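The values are calculated or read from the model by the stated rules, or taken from the named source; none is laboratory data. Just so we're clear, the structure is a prediction, and the values are computed from it rather than from any experiment. Virtual Cβ from ideal backbone geometry, glycine too; neighbours counted across all protein chains shown. The accessibility values were calculated without ligands, DNA or RNA, using every heavy atom of the protein model including side chains. Shrake-Rupley method; radii C 1.70, N 1.55, O 1.52, S 1.80 Å.
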Amino acid sequence: MTTTLDRGAPAPEKSDSGRRGSHALRWWVLAVLGVAQLMVVLDATVVNIALPAAQLDLGFSDGDRQWVVTGYALAFGSLLLLGGRLSDLFGRRNTFIIGLVGFAVASALGGAATSFEMLVAARVGQGVFGALLAPAALSLLTVTFTEPSERAKAFGIFGAVAGAGGAIGLLLGGMLTEWASWRWVMFVNLGFAAVALVGAVLLLARHVVTERPKLDIPGTVVVTAALFGIVYGFSHAESTSWTNPVTLGFLIGGAALLAAFVAIETRVAHPLLPLRIVLDRTRGGSFLTVFVMGIGMFAIFLFLTYYMQLSMGYSPIKTGLAFLPMVAGMVASSTTVPSLLMPKVGPKMVVAGGFLVAALGMAWLTQIGLDSSYVGNILPALILMGLGLGGAMSTAFQGATAGVHHEDAGVASAMINTSQQVGGSIGTALLSTIAASAATDYLSTHQPGPLAMAQAQIESYTTSFWWATAIFVAGAVITGLLMPNTVPAPSEGEPVIVH
């Protein structure tokens, strides 16, 4: 027999076994949501290592190669807020399942791609359905875990998955490309999606619509165009320059549309993004935390990957394995810091402290050279960054959805993913430009030759690491000033199915 427990309804009689079943069920729901989140997050990096093999197989140019990555980022980043609101309007379970099925179909098409155009179309499809899936998963987590101690543990685990997914993607991409084929970096999503789909159908409560859904059409169109312009502008800056007319046009246009979106949201009856969600200091500080991390973490995954493969001669698999201590640090801090430290020192101290620990790890990386060792120069830095970023990110995930109304959980969750995606786009363009300038400046003052070229690359990496260090320190200062030091209140609960 299946019943439904709702916080607003009288509690039916329950046996001890029923209570234990309900408790166990919530953790099974977390496992399902974690699998889906891992699939979406690792897809942002798993393709990167496979790109050279895909390019050789399908015969597209170096100039076209970026669209395999950019196509996903554009669709995902620009549609996240819409996806979050759709999950609020039409049900988180329905949106989650549609996102899973669509993501799996797009992945299958990408794995079977016979042309560059087909591969890019599949990546765009992944971005579209990922924009439905990611906010639905986090909002389901938000309304499932409302008891403080369980909530801290659940968000810690989910934050660890979100933070470590990029590093896991590098390892998985290297393994699949080296041992099987580049196509398996797409096909592997079918396994993730199948597991999550079975769990979603069996475990998630069905949404009951009590009133006719209303969608803010003007706000949706404007913010989608604004986010598209911003993400594309930064992507274009990476491959051209900051003064390129197309870059400037998209960035300025995106910023103007974003301002127009804010004005629209203050006037419409049913806003896509109620401003109360972002104006709350706890939630606003949490969104900012994820945004700053998106900028700074780019330096870790991109430039450190380049350094280990090009300067240290690591294979793709060995590079991926080298990131595992950072993943372990993230898991350890994400699953312990929110429940142990946050109640004692408050979220402000946890987030600011996490940023400073991560900044120390990033500063450690600035000491790398042509003859550096993994154990002495990279391993300590990765552990520090994992510990710092894991604790701060899981706390931010909890704070970003704190106290939201049941009907706003989806769009609040979407803001987290949007902050991370836009931050990553800015980090990609900004740090790539800074790194290229550092290499050029070094070569302009040194005698040309193989040694100078190698040292110029080191200069580009260390310069980007110094900038990322400063970004993390700035994040600590800003969140320390902005975020209140009160433990985030849980959101309203959602019915849970009990068998």
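What to note about this one:
- The residues of segment 259-279 that are surrounded by fewer than 17 Cβ atoms within 10 Å (Cβ to Cβ) and not β-branched (Val, Ile, Thr), listed by number, are Ala259, Ala260, Ala263, Arg267, Ala269, His270, Leu275, Arg276, Leu279.
- Taken as a whole, the condition of being closer than 13 Å to Thr45 by Cβ and in a helix (DSSP H, G or I) does not apply to Gly127.
- Identity of the residue in segment 39-60, under 16 Å from Pro135 (Cβ atoms) and either of a type in the set (Val, Ile, Thr) or surrounded by fewer than 21 Cβ atoms within 10 Å (Cβ to Cβ) (or both), that ends up modelled with the lowest pLDDT: Val41
- Taken as a whole, the condition of being in contact (Cβ under 8 Å) with a residue 60 or more places away in the chain and open to solvent by 40 Å² or more (accessible area, probe 1.4 Å) does not apply to Ser286.
- Thr401 falls short on exactly one of the conditions (1) of a type outside the set (Asp, Glu); (2) open to solvent by 10 Å² or more (accessible area, probe 1.4 Å); (3) within 30 Å of Met342 (Cα to Cα), and that condition is (2).
- Residues of segment 418-466 that are in a helix (DSSP H, G or I), among the hydroxyl-bearing types (Ser, Thr, Tyr) and over 32 Å from the mean Cα position of the chain (by Cα): Tyr442, Ser444.
- Subset tally (residues that are within 22 Å of the chain's Cα centre (by Cα) and open to solvent by 40 Å² or more (accessible area, probe 1.4 Å)) for segment 233-254: 1
- Any hit, segment 207-223, residues being among the aliphatic types (A, V, I, L, M), modelled with pLDDT of 85 or more, open to solvent by 60 Å² or more (accessible area, probe 1.4 Å) and under 23 Å from Thr95 (Cα atoms): yes
- Total residues in segment 182-197, condition of a type in the set (Val, Ile, Thr), open to solvent by 10 Å² or more (accessible area, probe 1.4 Å) and either outside any helix (DSSP H, G or I) or over 13 Å from Leu33 (Cβ atoms) (or both): 1
- Members of segment 83-107 that are touching a Leu at 6+ places or on another chain (Cβ under 9 Å) and crowded, with 24+ Cβ neighbours inside 10 Å: Gly83, Gly84, Arg85, Leu86, Ser87, Arg92, Thr95, Phe96, Gly99, Leu100, Phe103, Ser107
- Counted residues, segment 111-124 - those being part of a helix (DSSP H, G or I), surrounded by fewer than 24 Cβ atoms within 10 Å (Cβ to Cβ) and in contact (Cβ under 8 Å) with a residue 12 or more places away in the chain: 6
- Every test in (1) assigned to a helix (DSSP H, G or I); (2) surrounded by fewer than 19 Cβ atoms within 10 Å (Cβ to Cβ) is passed by Ala200 save one, and that test is (2).
- When each of Gly165, Gly130, Gly169 is tested for being open to solvent by less than 10 Å² (accessible area, probe 1.4 Å), small (Gly, Ala, Ser), at pLDDT 90 or above and on the phi < 0 side of the Ramachandran plot, the lone residue that passes is Gly130.
- Across segment 371-381, the qualifying residues are those that are more than 19 Å from Val473 (Cβ to Cβ) and not in a loop (DSSP other than H, G, I, E, B), and the one among them that is most open to solvent (accessible area, probe 1.4 Å) is Val375.
- Taken over segment 430-483, the residue count meeting the criterion of being in contact with a Ser or Thr (Cβ under 6 Å, 6 or more places away or on another chain) and open to solvent by less than 20 Å² (accessible area, probe 1.4 Å) is 7.
- Test: residue in segment 346-355 that is farther than 19 Å from Gly166 by Cβ, at pLDDT below 85, surrounded by 21 or more Cβ atoms within 10 Å (Cβ to Cβ) and touching a helix residue (DSSP H, G or I) at 6+ places or on another chain (Cβ under 9 Å): no
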